[in-house]
1. Inside segment 36-66, can you point out the residues that are of a type in the set (D, E, K, R) and either at pLDDT below 95 or in contact with a strand residue (DSSP E or B) (Cβ under 8 Å, 6 or more places away or on another chain) (or both)?
2. Would you confirm whether or not segment 14-35 contains a residue that is among the small types (Gly, Ala, Ser) and in contact with a strand residue (DSSP E or B) (Cβ under 9 Å, 6 or more places away or on another chain)?
3. Given the criterion assigned to a loop (DSSP other than H, G, I, E, B), more than 11 Å from the chain's Cα centre (by Cα) and either surrounded by fewer than 19 Cβ atoms within 10 Å (Cβ to Cβ) or not β-branched (Val, Ile, Thr) (or both), identify the matching residue among Glu6, Glu33, Glu18.
4. Could you tell me which residue of segment 54-72 is surrounded by the fewest Cβ atoms within 10 Å (Cβ to Cβ), considering only residues that are more than 17 Å from Gln14 (Cα to Cα) and within 9 Å of the chain's Cα centre (by Cα)?
5. Contact list please: Cβ distance under 6 Å, first residue in segment 53-72 and closer than 15 Å to Arg17 by Cα, second residue outside any helix (DSSP H, G or I), pairs at least six apart or on different chains.
Amino acid sequence: MQNRVEVMANVKVQILRESMLKQGFSSKALAKESGVGIVTIYNLLRGKTCGIPIANKLAKALNVPVEELFTV
């Protein structure tokens, strides 16, 4: 059996909201642009964590460095 460690990223909620506003993205539009589920977007806006791949997708869609939106 293989041990799997997943690094989780903590969202900077206020910066995520500001980035979405700046780019003109609603939650639904960001979900579509990034390929991330809408429920994931809602959870992040409530302060939940996510995996690094999702953090990278969101940063790319918002055209910001991942470090600006998330901490590990």
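The values are calculated or read from the model by the stated rules, or taken from the named source; none is laboratory data. Owing to the predicted nature of the structure, the values given are computational and were not obtained by experimental measurement. Cβ atoms come from the backbone with ideal geometry, glycine included; neighbour counts cover every protein chain shown.
1. From segment 36-66, those of a type in the set (D, E, K, R) are 46, 48, 57, 60; that's our starting set.
Selection gives Lys48 alone.
2. Step one: filter segment 14-35 for residues among the small types (Gly, Ala, Ser), giving 19, 24, 26-27, 29, 31, 34-35.
Add one more test, that the residue is in contact with a strand residue (DSSP E or B) (Cβ under 9 Å, 6 or more places away or on another chain), and what stays is none.
Looking for residues that are among the small types (Gly, Ala, Ser) and in contact with a strand residue (DSSP E or B) (Cβ under 9 Å, 6 or more places away or on another chain), one finds none in segment 14-35, hence no.
3. It is Glu6.
4. Ranking the qualifying residues of segment 54-72, first place goes to Asn56.
5. Close Cβ pairs (under 6 Å, with a partner that is outside any helix (DSSP H, G or I)) amount to Ala55/Ala9; Ala55/Phe70; Leu69/Lys12; Phe70/Ala9; Phe70/Val11.
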